[in-house]
Structure formats: structure tokens, C-alpha cells
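**Q** This structure is in C-alpha cells; I'll ask about it shortly.
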Amino acid sequence: MGQRYAVLISGDLAENGYPEFFFDVVLMREMLIGNGFPANHIFVLYGDGADYNSANYPAARYRPNPAITDLSATMANIQAILSDLANGTNGRPQLTNDDLLFVWTFDHGSQIPISPGSATLISTLGLRGGDMRADDFATAINLIPHAFRIIYMQQCRSGGFIPHLATDRTVIVTAAEADRNAHPTDDVAERETIGGRIYPHGEFNFYLLAALNGQNLLGNAANADANGDGFTTMGEVFDYIVNHESDSATPQYDDGSRHLGERLHLIHVANTNTKEIHIGYCYWVTQMADSNKAPCNSLEELAILVRESGYNGCFYCLPRYDRDTLSEQQVLANLEEDLTG
Amino acid sequence: MKVIIDRRLTLQERSGTILVRGTEIWTYGAKTSKLLRYTRFQDRELTLGAPLPSISTKDAALSWDGNNLLVANRSNRKVFRVDPASGQETLVMEPGSLSFGDYDTALLAVDTVIGDIAWYNSLFYLAVQAGYSSAIYGIDLGKKRVVFHRLAPGPKPWGLDFNSADGSMYIVDNRNRELRRFFNAGKVDVADLPSEWVEPRGLSFETEGRLWSTDWSTGDVLRIRVEE
């Protein structure tokens, strides 16, 4: 029960004038691992299938070792990997109705006539070898079982994807309306500079990462937890992005009729009474007294609780750290494996 | 490919666009909104030539279609053909009246602005700054139809022109600080901009391997030599 999986898609090559197409993949993956996603549950589709490596941008942070790209970002590969995750084929895990699916997309985005000559437009995601329409994307992703889905989209005209993807078990946030462009970082306060070189990012991504990491790429604190309860929900992430970015486009949001985004977050919850740690959306968190809840903001924090304070992973949602079913040695080995990505 | 600045001349008024016509340089004054004609650019200083007609367009980008001046309003993306003698203006393009076919419609987005314009092989070209949809559009003005689209090599394409000798397209992107050359066969060359060319605006061929642009930071015009 309760595994977490992510699919990260960035469709164009950094070499084509947008190095952030790869930089932001690296950062998004880093953020997910920091929030407890196992590295082998994160699937990266980028460019032509190989990490970006340019002498113009030598920062070690953006040269992950080992490489992180699993597949080229083509429509066929997106359909294939989403099908694999739906069916458990080709050695990939099969998601269940208890799992969380996190999807992030980046590239150019556009709108085209929904049929030849039609005045009605449909949003598309740019990919290698051709664009993918919002309805085709929805058809592929909707096959995957899930408890909840979190979908973030940085590309232009991404708001047009919302009608195709919105459900009561989905939080979707897009960088722009269906008829607006999304933009790169542009302010001095967003300028990540390494070795005298500016490393650009998507403006939406910059604040999304800041909200989920608790600090921005310049190392400045970012507090998106508006109500101060220690858990940054997807709704609070959206509010943080809207309140901080300066893009001419306005981010769009949908969390279904039950306002899932007000409750869904990526942070682990430690029960200070039972000394069990849970993924934020685990059923047992809903049964916990608020006074017993403590946020566990990163995998590093979780590791400290397990190693030094005797905390245990939940049997249902964090079985890799559950000493009731695994040996102490195995739990520590799992932790080490997840921490090193 | 390497970019070398071999001449820097001071304009009387800062311009964000440039048009080289024979031995003349035409610019558009950012403060006065007036077209200015400079002559004798081979000299150490530019000399103001005979006045050009007034145009109604504000924040203009300039090009030449062989007979007339083309003037684009950067923000509303309307384009006028202007008779250089009489100053008569004719609206020849507005985004909302274009047929896009299956091409991206970023040109319609209200936050899209024009970086530069060019004319080549009877088609009108725009470099548009539209974030991650920044692109080069080729437009058949007679049929009001988009016939060419390619994504720009960066979000700030501020200069666009074609080498008439081989049809290659040159684009300056200000964020990436690069000049890129695209050949029809697909080959792409990239050159970093010299650091002293701070804020490129506009691009116009003088002869093969020799282009002009402006530097918004200083208000100068620059002649650029492209070496292989």
C-alpha cells in the first residue's frame, strides 16, 4: 500500500537554447528524492534519451552521476512507460489504487486546431519528434491506477490540459492559462549563478521547487506552509507560486470537488506517540490525533528518526523501513540505498 | 563560427531596430518615435541623411521588402507597409486575421512581443518572444497565412535576418547571448556574443559575413563580422 512514483518529462534538448529543459529535470528529481521518493520509482524522459552535458554549464549539480535519463521524450515512449506503469510490464512496477503518482512536464507547449480547420483549439506538449495533444496525454495517463495524482506542468498553454486531467483524486497545477505562454526566470532574485554563469530555470518551476524544498535555488528560505501546521499542501504550493512569481501568465489549479489539494502534501508524518512514520496521504494519518503529528521534511530527517530515535516505517505505506517485517540490517540498507539515490 | 565586432558607431538617438540599405542605416528613435536615416557608415561617425517620413507605429521594428519599408508594432504585432517617399501606411498583417493551419498560435497570445522582423524570398518573417513558445514565423502577407514556423533558439530572439547568398537564417538571442545560423539543410552554427555587445537589438545584413545590430545599453550601432 501507498508507494510513490513519479514520471518527469522534458521534451526538447537543452542544446536548443533552453538549458533549463535539463536543469529543471535534475532539480525536480532531487526534490522528489529529498521528499522520500525512492530513486528507482522516478522515471525520467528527457530530450533524445541522454543527460545534457555542455562545457558552457559545468556545475557538478547539473551533471548527475550516474546519469538520470531513462528514455527519450517521445510520444511513443511516454505512452510506453505509462502503459508499463499501468500494467507492470517491461520490468517496471505496476501501480495500484493505493499509490501516489507525481507527474511533471516541461518543454514548449502550444495550441493547435482540435481537428483540421476547426476554430476550437487544444493544448499540446512539445516532444521530440512531434507534439502530444492533451487528450492523448490524458488517455495514456488515465490508465494508471492511483490513490492520488499530482500533476505539475511548466509548458506554455498548459492550462488547456486541466479539463482533460482533472478528477477528484488529482491535483493539477499549470504554469499558464490555455492561451498564454509560460516563461523563464527573469528577475535578479531568481538568478542562480554558479562560477559566474547564470543557470536559467522555468519561472513556475523555480517557485514550485522553492515551495517544496523550503528554500529557493539561491539558498533563501521559502515558507509555503501558510497555516504553519508543518505540512505544505499542494494548495499552499499553488498559492506560494501565484504570490511570488512575476510571469505574465497566471498559474492554473484544479483539485476536484473535494478540494484534495487542501490535504495532500509530500511530507512524511511522524507519530510521536506510536513512533511510526507515514507518507502524508496514508490512511493512518487521518486516524492520528493532531497533537501526535510531527512533520518529517526530508528523507534525511526520516533517516535520523529511524536510526537514532527508534522510529519505524508504517507497515502499509513505508514497508521498506518497517522493522516489524524486515530486519534492522535490511531497514538500514534500504535507507542507505534511498538516501544515495 | 565566431563573431567579431569591427566597428562601433554612435547614434543620435537610441534604437532597438536597424535596417541597412545600401550605404545607409535606418533606425527608429526610441524617444521621439521618428525614423532616422544615417549615411556614410564607412566613416568614423554617422551622418544624418535626408529625413524619412513620420510613422504612426510606436515601438517599431523595421525591415524592407524590396520596394517599401515594413514596420511592425512590437506589442500589438500589427505590421504596416510604408511608402518611404510619401509615408503612406497600409496595414498588411494583424495576428488575429492570420490563418495558422496546424502551426502554433503563440503569435496570438497577448503577452507575445516581436523581437525583430525580416523579409526573405517574398515571405515576411517575425522573431517573436513568447517565453517557451518563442519562435520564428514565416508569413505569406498576400494570403495572410503562416507558412513557416520554427522554435526560436532561446526566449529572447532580438535579431533576425537572412543571408541572401545562401538563404541561411541568423538569429541573435539576448538571454543566451548567442548568434545562431540555420541552414535549410538543417546544419546549425552557434557563436557566443562578445561581452562588449551587451544588449543586442535588431540584425541587418550589409554583405555576406557582415551584419549590423544595435547595443541598447550604449545606444550604439555595431558592425559584426562572422568568421568561420
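The values are calculated or read from the model by the stated rules, or taken from the named source; none is laboratory data. Only a predicted model underlies this, so the values are computations on that prediction, with no experimental measurement involved. Every residue, glycine as well, gets a Cβ built from its backbone with ideal geometry; the counts of neighbours run over all protein chains shown.
**Q** Only one of A:Asp24, A:Asp51 is at pLDDT 95 or above, acidic (Asp, Glu) and either within 29 Å of A:Cys296 (Cα to Cα) or surrounded by fewer than 19 Cβ atoms within 10 Å (Cβ to Cβ) (or both); which?
**A** Only one candidate passes the filter, namely A:Asp24.
**Q** I would also like to ask the following. Any residue in region A:136-145 that is in a helix (DSSP H, G or I), more than 20 Å from the chain's Cα centre (by Cα) and buried (at least 17 other Cβ atoms within 10 Å of the Cβ)?
**A** Checked against the condition, which is being in a helix (DSSP H, G or I), more than 20 Å from the chain's Cα centre (by Cα) and buried (at least 17 other Cβ atoms within 10 Å of the Cβ), region A:136-145 yields at least one hit.
**Q** Kindly list, by first and then second residue, each pair from a residue in region A:185-207 that is within 16 Å of B:Gly154 (Cβ to Cβ) to a residue that is in a strand (DSSP E or B) and among the charged types (D, E, K, R), limited to pairs with Cβ atoms under 9 Å and residues at least 6 apart or on different chains.
**A** Sorted first by the residue in region A:185-207, then by its partner, the pairs are A:Thr185/A:Glu192; A:Ile198/A:Glu192; A:Tyr199/A:Glu192; A:Pro200/A:Glu192; A:His201/A:Glu192.
**Q** Quick check on A:Tyr18: is it crowded, with 22+ Cβ neighbours inside 10 Å, over 18 Å from the mean Cα position of the chain (by Cα), on the phi < 0 side of the Ramachandran plot and of a type outside the set (Val, Ile, Thr)?
**A** yes
**Q** Could you please find all residues in region A:93-128 being within 16 Å of B:Leu107 (Cα to Cα), touching a residue at least 60 places away in the same chain (Cβ under 8 Å) and outside any strand (DSSP E or B)?
**A** Selection gives A:His108 alone.
**Q** Step by step: first the residues of region A:177-189, then only those that are surrounded by fewer than 24 Cβ atoms within 10 Å (Cβ to Cβ) and either in a loop (DSSP other than H, G, I, E, B) or touching a Leu at 6+ places or on another chain (Cβ under 8 Å) (or both), then the one that is farthest from the other protein chains (Cβ to nearest Cβ). Which residue is that?
**A** A:Ala189
**Q** Looking only at region A:229-257, how many residues end up being under 20 Å from the mean Cα position of the chain (by Cα), within 14 Å of chain B (Cβ to nearest Cβ) and buried (at least 21 other Cβ atoms within 10 Å of the Cβ)?
**A** 2
**Q** Among the strands (runs of 3 or more DSSP E) confined wholly to region B:109-167, which include 1 or more residues that are charged (D, E, K, R) and in contact (Cβ under 8 Å) with a residue 40 or more places away in the chain? It would help to see each step written out before you state the result.
**A** Numbers: elements: B:113-120, B:123-129, B:135-140, B:145-151, B:157-162.
Correct list: B:113-120, B:145-151, B:157-162.
**Q** Quick check on A:Ser83: is it surrounded by 23 or more Cβ atoms within 10 Å (Cβ to Cβ), outside any loop (DSSP other than H, G, I, E, B) and among the small types (Gly, Ala, Ser)?
**A** no
**Q** Which numbered condition in (1) surrounded by fewer than 19 Cβ atoms within 10 Å (Cβ to Cβ); (2) more than 16 Å from A:Asn16 (Cβ to Cβ); (3) β-branched (Val, Ile, Thr) is the only one that B:Val190 fails?
**A** (2)
**Q** Additional query: When you check A:Arg61 against the structure, is it in a helix (DSSP H, G or I) and among the basic types (Lys, Arg), yes or no?
**A** yes
**Q** If I go through region A:146-167 residue by residue, how many of them are within 14 Å of chain B (Cβ to nearest Cβ) and not in a strand (DSSP E or B)?
**A** Residues meeting the conditions: 7.
**Q** May I ask you to verify whether B:Gly96 is more than 22 Å from B:Lys58 (Cα to Cα), surrounded by fewer than 20 Cβ atoms within 10 Å (Cβ to Cβ) and of a type outside the set (Phe, Trp, Tyr)?
**A** Judged against the criteria, B:Gly96 is not a match.
**Q** Looking at B:Phe162, B:Phe183, B:Phe124, can you tell me which residue is of a type outside the set (Asp, Glu) and either at the interface with chain A (Cβ under 9 Å from one of its Cβ atoms) or loosely packed, with under 15 Cβ neighbours inside 10 Å (or both)?
**A** B:Phe183
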